[in-house]
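Have a look at the structure below, then the notes.
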Amino acid sequence: DGNIFLDVDVNKDSVGIQTTNGFAIDTKHVQTQVLVENGGTVVIGGIYTQNERTDINKVPLLGDIPVLGNLFKSTSKINNRTELLVFLTPRVLSDQLSLK
């Protein structure tokens, strides 16, 4: 009937913390099944990454003075959240095209 059944398994690996044996690998995983029509597009999401970072900019020496040092430095917090989206467009090829 022109529909395609897909078993989808998505992994996102990234470098993690450093250990005595090298770097750890952080893995995020999504597994699902979808039914999509021939040539249709399906979007799979759900792999999120959130990073928080605090940056301190200061004038050398003056920024280290207790209490008064706050006049010579600035602090900024950065909060970043991303989502990985996977777009799949399956197509069934005719027998003539698959032989080429």
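The values are calculated or read from the model by the stated rules, or taken from the named source; none is laboratory data. Given the structure is predicted, the values throughout are model-derived calculations rather than measurements. Cβ sites come from the backbone with ideal geometry, for glycine too, and all protein chains shown count toward neighbours.
Which count do you get for residues in the stretch 61-76 that are loosely packed, with under 13 Cβ neighbours inside 10 Å and either assigned to a strand (DSSP E or B) or modelled with pLDDT of 95 or more (or both)?
Matching residues across the stretch 61-76 total 3.
In the stretch 32-70, how many residues are of a type in the set (D, E) and under 29 Å from F87 (Cβ atoms)?
Total meeting the criteria: 2.
Select from the stretch 16-31 the residues that are under 17 Å from E83 (Cα atoms) and not charged (D, E, K, R) and list them in ascending order.
The answer is T27, H29, V30, Q31.
Based on what the data block shows, is I56 exposed (fewer than 10 other Cβ atoms within 10 Å of the Cβ), of a type in the set (V, I, T) and out of contact with any Phe, Trp or Tyr (no Cβ under 9 Å at 6 or more places or on another chain)?
yes
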